[in-house]
Amino acid sequence: MGVPLFPQAPFAPFPGGVDLGTVVVMPTAANAVFLRSIGPQSADPPALTGKIVPTLAAALAQIRSGLADTVIALPGHSESVADATMLDNLVPGTKIIGVGRGSNMPVFRWTATGSQWIINDADVVIHGLRLRLEGANGVVKAIVSTAADCVISGCDIEVASGATAKATIAVELGTGAARNEIVGNRWRGTATHNVTNGLLVAGAVEGIRITDNEMVFSATAANGNINVSVAALNIMIARNLCLNSHTASTACIAFAAAASTGVCADNRVGTINDGTATAQGITVGAGCLVRFFENYSDDEPAKSGILTPGACT
């Protein structure tokens, strides 16, 4: 599942920024800033003097707009998101790339209800980070994008870890978020401590792409893991594996009664409410114009899924 945009390895310069498959490579004129919460260490290469900083805000202050500059979060980095100011220095084209996996994956934890990442600059890429959105009781809106052509990919996104440790809205794509991509992330949360919305499409914009995510967490029963609440145009929702573990869940992907267009295909969705499987899992409001292909819903344990929505006649 997922198509990683960047391999998990440090940056190295290479003409034209060609990806050789073993390193994160940059155009020779690009700038890389390294992020490590313990700061510079004695064995760091002299060439990195001044390029290793302990906070994301400090790293972003060295990034130039539109020049393929990158923040590389090193293994073991850990930082709290205490308010809504961490991305104030964000500029268009910024890439924030995590290096590491498992326990040494770079971690950000939201620690107050008002903690928020605000993505309001175009062409931003966030990749390979552990995003713990559950560090307070009801983080109002953990990540919100209102800029075009932004990407969140290859991240581990934790939306809830207990009754008083969860996000209300984990990620919202709002007005201005045209052609945003949410690709190849692992979303997780405790079984019964539900968020209101995991991924909320709240902007009536064009070209949003939600593909190859694994989503296992509890969301409001009818909102689902992915909630398209407005008339999104030419949306693509494909190849996602979803389980809404809310005790009475009826939806994993929900389209509101709005004239959304696009394609929803090859998703596998599981709900807990034992109802009519063809009408659960993916729910479609009146006026929705999206086309559906080979989506399967399962609302019973130890059973295989069935096409949802119902087949054309």
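Quick note: the coordinates plus some simple rules give every number you see, no bench work behind them. Keep in mind that what you see is a predicted model, and the values were worked out from it rather than measured. Methodologically, a virtual Cβ is constructed for each residue, glycine included, from the backbone with ideal geometry; neighbour enumeration extends over all protein chains shown.
Pick the calculated volume of the Cα convex hull per residue in Å³ for this structure from (1) 161; (2) 178; (3) 127?
Looking at volume of the Cα convex hull per residue in Å³ for this model, the match is (3).
Treating the beta-carbon of each Lys and Arg as +1 and of each Asp and Glu as -1, no other charges, what is the dipole magnitude of region 253-313 about its Cα centre, to the nearest 20 debye? Intermediate results must be reported in sequence, preceding the final value.
Details: 3 positive and 6 negative charges, 38 e Å.
The calculated dipole for region 253-313 is roughly 180 debye.
Remind me, relative contact order of region 29-91 in percent, using alpha carbon pairs under 8 angstrom and six or more residues apart?
RCO, region 29-91: 44 percent.
State to the nearest 20 debye the size of the charge dipole of the chain about its Cα centre, where the only charges are +1 on K and R beta carbons and -1 on D and E beta carbons.
300 debye
Please work out the Cα convex hull volume for region 169-313 and give it in Å³ per residue. Spell out each step's value before the answer.
On the way: hull volume 13.0 nm³, N = 145.
Taking only Cα atoms, region 169-313 has a hull volume of 90 Å³ per residue.
Sort Trp187, Trp117 so that the residue with the fewest other Cβ atoms within 10 Å of its own Cβ comes first and the one with the most comes last. Present the calculation step by step, with values, prior to reporting the outcome.
Values: Trp187 28, Trp117 23.
Going from least to most buried by this count: Trp117, Trp187.
Taking every DSSP beta bridge with both residues inside region 133-307, roughly what % is antiparallel (nearest 5)?
Details: 4 of 59 bridges.
The answer is about 5 percent antiparallel.
Would you mind telling me which residue in Gln41, Gln116, Gln280 has the biggest mean-square fluctuation in a Gaussian network model of the chain, where springs connect alpha carbons within a distance under 10 angstrom?
Comparing Gln41, Gln116, Gln280 in a Gaussian network model of the chain, the most mobile one is Gln41.
Looking at the chain as a GNM with Cα springs under 10 Å, which of Glu214, Glu181, Glu79 has the largest mean-square fluctuation?
Glu79
Just want to confirm a number: the relative contact order over the chain, from Cα pairs under 8 angstrom separated by 6+ residues, in percent. Write down the numbers at each step before the final one.
On the way: 1041 pairs, mean separation 30.2, N = 313.
10 percent.
Hey, which lysines would be in cross-link range of Lys141, C-alpha to C-alpha under 19 Å, not counting anything within fewer than 8 residues on its own chain?
Lys166
May I ask which residue of Asn295, Ala248, Thr190 lies farthest towards the positive end of the charge dipole of the chain, with charges of +1 (Lys, Arg) and -1 (Asp, Glu) on Cβ and the Cα centre as origin?
Going by the Cα projections, it comes out as Thr190.
R0 = 30 Å: FRET efficiency of Thr276 with Thr247, Cβ-based, nearest 0.05?
About 0.95, to the nearest 0.05.
What whole number of Å gives the distance from the Cα centroid of region 270-313 to the Cα centroid of region 100-155?
30 Å
Considering only Asp44, Asp88, Asp123, give the residue with the highest GNM mean-square fluctuation for the chain, with springs between Cα atoms whenever their separation is below 10 Å.
Of the options given, Asp44 has the highest mean-square fluctuation.
Have a look at the DSSP beta bridges in the chain and tell me what percent are antiparallel, nearest 5.
Numbers: 4 of 91 bridges.
Antiparallel: roughly 5 percent of the beta bridges in the chain.
Ignoring everything except DSSP H segments at least 4 long, calculate the 222 nm mean residue ellipticity for the chain; use -39,500 (n - 2.57) per segment, divide by total residues, nearest 500.
Values: 1 runs with 5 residues, N = 313.
Value at 222 nm, helices only, nearest 500: -500 deg cm²/dmol.
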